[in-house]
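Here's the structure we're looking at; comments come further down.
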Amino acid sequence: MEFIIQNYQDTRSGFGVGLHEVGKANPKVVALCADLIGSLKMDAFVKDFPERFFQTGIAEANMIGIAAGLTIGGFIPFTGTFANFSTGRVYDQIRQSVAYSGKNVKICASHAGVTLGEDGATHQILEDIGLMKMLPGMTVIVPCDFNQTRAAVHAIAAYDGPVYLRFGRPKVPNFTSDTEPLIIGKAQMLQQGTDVSIFATGHLVWKAIEAIQQLEKEGIHAELINIHTIKPLDDTAILESVRKTKCVVTAEEHQRNGGLGDSIAQLLVREFPLPLEMVAVNDQFGQSGTPDELLTYYGLESQDIIAAVKKVISRK
């Protein structure tokens, strides 16, 4: 299959466009931000719907509490700040005020992973997927490009329940359809194959595409599935794929512990044990550097996916 790059756009801009669109369509949609309107691309929403926007300042715990309260009045609150401050800083408030009571809050987190870049380890959270997926009733979504992030905003606005939406800062290839909806809990087949199943999420979906194109030239036919919904996981699609290929590679911009690979490993141990390799950060904090430098340093490039594929095939 040929994958066409339409342009390069940051996924946070997809969030901004989607937020403005759902705000226009539904007067119950409200937005809150912790002093990062520009970084979260919320400007259009703020400009057109000022009466439905709440600037909480650098007080993320308060922002989550306000959002939980707004749901009681029937509003659909979208909170916006960096992924580190959306989760680690306010985990208690999310657990107690949102997840425990099943509040309809959309926790929207930008600048996730190491591709935040030069801001360094204190801002590059790599544990957030694990933190959020462990909360009972929390849906966790990690779209791969601008179009899919925009589609994800529409999907979560229509969904009743707490959601964690994770996206990023750098401009990445925009290759998915601008008309295809995101279906929560339904994995996206990108290419069918017979030799290995690759399950990727977020920014690493494009890295996986680069990998399968090179593997095809070497006679290795990889199946690639975009797992945009980490929770609920599409068990059916995953098991259907691995029963055909008999080995798995996962790819994500997150710690190995607690991420996508961890979720798939648990599924396979229960249902269909087979060889698995994970392309992810291996028990390390981030550091300052350009996104490309950091992806290379932490082994998150297409060549790392290729190496993992060859290793896991050898283990069949």
**Report entry** Estimated distance in nm for a label pair at His221 and Asp283, the labels positioned 7 Å out from Cα along Cα-to-Cβ
**Finding:** 3.9
**Report entry** Inter-site label distance for Glu210 and Met189 at 7 Å from Cα along Cβ, in nm
**Finding:** 2.7
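Output the antiparallel fraction of DSSP beta bridges having both residues in the range 170-316, as a percent to the nearest 5. Walk me through the numbers before you get to the answer.
Numbers: 3 of 17 bridges.
Around 20 percent of the beta bridges assigned by DSSP in the range 170-316 are antiparallel ones.
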Query raised in the report: In the structure displayed, which of Lys217/Lys246; Lys47/Lys171; Lys103/Lys133; Lys47/Lys231; Lys171/Lys310; Lys207/Lys310 lie more than 27 Å apart, Cα to Cα?
Result: Lys47/Lys231; Lys171/Lys310
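State the dimensionless ratio Rg/Rh of the range 213-277 (Rg: radius of gyration of Cα atoms; Rh: Kirkwood radius). Don't jump to the answer; show the numbers that get you there.
Values: Rg = 12.1 Å, Rh = 12.6 Å.
A ratio of 0.96.
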Query - Cubic angstrom per residue, convex hull over Cα atoms of the range 174-228 - result: 77
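Could you give the size of the charge dipole of the range 188-314 about its Cα centre, using +1 on the Cβ of each K and R and -1 on the Cβ of each D and E, expressed in debye and rounded to the nearest 20? Display every interim value, and only then the final one.
Working: 10 positive and 18 negative charges, 73 e Å.
That gives a dipole near 340 debye.
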Query raised in the report: Relative to the present Cα-Cα distance, how much length would full extension add between Tyr100 and Asp160 at 0.36 nm per residue of separation?
Result: 20.1 nm
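Can you give me the orientation-averaged projected area of the convex hull built on the Cα atoms of the range 61-125, in nm²? Walk me through the numbers before you get to the answer.
Details: hull surface 16.3 nm².
Averaging across all directions leaves 4.1 nm² for the Cα convex hull.
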Query raised in the report: So how much slack lies between Glu2 and Phe272, counting 0.36 nm per residue of separation and subtracting their Cα-Cα distance, in nm?
Result: 94.1 nm
Query raised in the report: Two-decimal Rg/Rh of the range 188-314 from alpha-carbon positions, Kirkwood Rh?
Result: 0.94
Report summary line: So for the range 88-175, using the alpha carbon gyration tensor with a ≥ b ≥ c as root eigenvalues (a/c under 1.5 gives rounded; past that, a/b versus b/c decides prolate or oblate), I'd call it oblate
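222 nm [θ] for the chain, helices only, -39500 (n - 2.57) per DSSP H run of 4+, per residue, to 500?
Numbers: 11 runs with 115 residues, N = 316.
Rounded to the nearest 500, the figure is -11000 deg cm²/dmol.
Between Tyr297 and Asp92, what FRET efficiency comes out of the Förster formula 1/(1 + (r/R0)^6) with R0 = 45 Å and r the beta carbon distance, rounded to 0.05?
Values: r = 32 Å, r/R0 = 0.72.
Once rounded, the FRET efficiency stands at 0.90.
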Query - Percent of Cα pairs exceeding the 28 Å cut-off, where the set is the chain - result: 35
Query raised in the report: How are the C-alpha pair distances of the range 113-258 spread across 5 Å bins, as whole percents from the shortest bin up?
Result: 2, 10, 19, 21, 21, 16, 9, 3, 1, 0
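For the range 7-174, take the alpha-carbon Rg, divide it by the Kirkwood Rh, and send me Rg/Rh.
On the way: Rg = 14.2 Å, Rh = 15.3 Å.
On the Cα set of the range 7-174, Rg over Rh gives 0.92.
Output the relative contact order of the chain, whole-number percent, from Cα pairs under 8 angstrom with separation of 6+ residues.
Values: 724 pairs, mean separation 58.4, N = 316.
Once divided by the residue count of the chain, the mean separation gives 18 percent.
Taken together, the values in this text are just the output of simple stated rules run on the coordinates, not laboratory data. If you're wondering where the values come from, they're calculated on a predicted model, not measured in any experiment. Cβ: placed from backbone, ideal geometry, glycine included. Neighbour counts: every protein chain shown.
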